[in-house]
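Right, one structure below, let's go through it.
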Amino acid sequence: MLANVILAIIWLGVSAYGVFGGADFGAGMWDLAAGGPERGAGVRRLIERVIGPVWEANHVWLIFVLVYLWTAFPEPFASIASTLWIPLTLAALGIIFRGSGFAFRKWAVTLRVARAYGIAFAGASVVTPFFLGAIAGAVASGRVPAGNAAGDPWTSWINPTSVLGGLLAMVACAFLAAVLMTREADAVGNTPMVEYFRARAMAAGATGGLLAFAGIFVLRADAPDLFDGLTSPGGVIALAGSAIGGLAALALVHQRHFVTARGAAVIATVAVLWGWGIGQYPDVLPGAVTIEGSAASSVVLWSLLGAFLLAGLIAVPALVYLYTLTEGGSLEDGGSTSANSSQALLKRLEERSADG
């Protein structure tokens, strides 16, 4: 019973990272698609304003998930880490390059360097969710056996289910970010950006729906056990909740109800993640390791529960306060100043290049 509680806590962390980290990655994707310095200036200003104060905090959830999985379920963690070391390494590098590019872009001393940092930030924002989704697909489809490096390091994550997981992760991130950006642009009365991201939210949401529908046939052919789990009563409820949330988000964005649309988009994302968990329950590694059979000792599990409760009293309120300040615009001056300074620097560098 206690092992199930700890796993539920881990899944709360997965959900938080899927929402906050997902929107963070999605913002980088739209940065990549924004165009050149002049054309994409407004998009990038809004992105820096929204994610600038919180992008580092968003990845705390990933650290939480990894630490708790490693401590509570050491054997599955070792199996995943040793079999899927290639996509895990690529995802870690993506997070590093992405953060470095975002942080250093505004302080670049030449236009070429600034663009290089921008490419690192935006490019890593695209590929990192794919690798994370591919890892999820590998685990969910039962391609990670128990044991040290017991699975194939390539076919474990290069397969139809993993590719589906990677593509779904990318589209979900883009959708979350676009919905968030419409709300933020609307809050400051930036009508051009509202329309810009509103159109992209609709496109990303429709793409995600089509991809999810196609995924039914992929899972049925490539991961029948996962398909059976997802079509169980609990799985159907979760996936239905995701579909309803996604459709509601699209309708609300279309009707310009951006605050409630954001909530619906969050429900759509979280429901998919819990559907995955339900689909492979009660296994940590489907077909290889169960929850109860791989859990650490009760002393360790109780310690993790105590640490989670303590974090709920200290860390979570601090994160909520940070998000509240960002939501209320209290950090707007700092974020907009950074963005304006970045754009001013790029303009000066371009003028200097034109002057020879």
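For this structure, a couple of remarks:
- Applying a threshold of 7 Å to beta carbon distances and a minimum spacing of six or more residues, or different chains, the list of pairs starting in the range 75-98 at a residue that is farther than 25 Å from residue 121 by Cβ and ending at one that is assigned to a helix (DSSP H, G or I) and among the hydroxyl-bearing types (Ser, Thr, Tyr) reads 75/294; 76/294.
- Checking 105, 98 one by one, the residue that is touching a Ser or Thr at 6+ places or on another chain (Cβ under 7 Å) and within 19 Å of residue 178 (Cβ to Cβ) is 98 and no other.
- Residues that are modelled with pLDDT of 90 or more and surrounded by fewer than 19 Cβ atoms within 10 Å (Cβ to Cβ) were ranked within the range 12-41; the one that is farthest from residue 316 (Cα to Cα) is 33.
- Against the test of being touching a helix residue (DSSP H, G or I) at 6+ places or on another chain (Cβ under 9 Å), hydrophobic (A, V, I, L, M, F, W, C) and modelled with pLDDT under 95, the options 296, 311 yield a single qualifying residue, 311.
Conditions tested, residue by residue: (1) out of contact with any Asp or Glu (no Cβ under 9 Å at 6 or more places or on another chain); (2) surrounded by 18 or more Cβ atoms within 10 Å (Cβ to Cβ); (3) closer than 15 Å to residue 95 by Cβ.
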residue: 10; (1), (2), (3): yes, yes, no
residue: 44; (1), (2), (3): no, yes, no
residue: 67; (1), (2), (3): yes, no, no
residue: 71; (1), (2), (3): yes, no, no
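- In the set (1) of a type in the set (A, V, I, L, M); (2) more than 22 Å from residue 76 (Cβ to Cβ); (3) at pLDDT 95 or above; (4) loosely packed, with under 14 Cβ neighbours inside 10 Å, the condition left unmet by residue 259 is number (3).
- Of the residues 135, 158, the single one that is without any contact (Cβ under 8 Å) to a residue 60 or more places away in the chain, under 22 Å from the mean Cα position of the chain (by Cα) and not in a helix (DSSP H, G or I) is 158.
- Condition check for residue 114: at pLDDT 90 or above, in a helix (DSSP H, G or I) and among the aliphatic types (A, V, I, L, M): no
- The range 227-270, residues that are free of Cβ contacts under 8 Å to residues at least 24 places away in the same chain and not in a helix (DSSP H, G or I): 231, 255, 257
- Comparison of 129, 153 shows that the only residue that is part of a loop (DSSP other than H, G, I, E, B), of a type outside the set (A, V, I, L, M, F, W, C) and touching a residue at least 60 places away in the same chain (Cβ under 8 Å) is 153.
- Screening 171, 163 for residues that are among the hydrophobic types (A, V, I, L, M, F, W, C), free of Cβ contacts under 8 Å to residues at least 40 places away in the same chain and closer than 30 Å to residue 51 by Cα leaves exactly one candidate, 163.
- Filtering the range 99-111 to residues that are of a type in the set (A, V, I, L, M, F, W, C), part of a helix (DSSP H, G or I) and more than 18 Å from the chain's Cα centre (by Cα) leaves 103, 104, 111.
- Of the candidates 139, 60, 109, 126, the single residue that is of a type in the set (Val, Ile, Thr), surrounded by fewer than 19 Cβ atoms within 10 Å (Cβ to Cβ) and either at pLDDT 95 or above or touching a Leu at 6+ places or on another chain (Cβ under 8 Å) (or both) is 60.
The values are calculated or read from the model by the stated rules, or taken from the named source; none is laboratory data. Keep in mind the model is a prediction, meaning the values are calculated, not measured. Here Cβ is always computed from backbone atoms with ideal geometry, including for glycine, and neighbour counts include all displayed protein chains.
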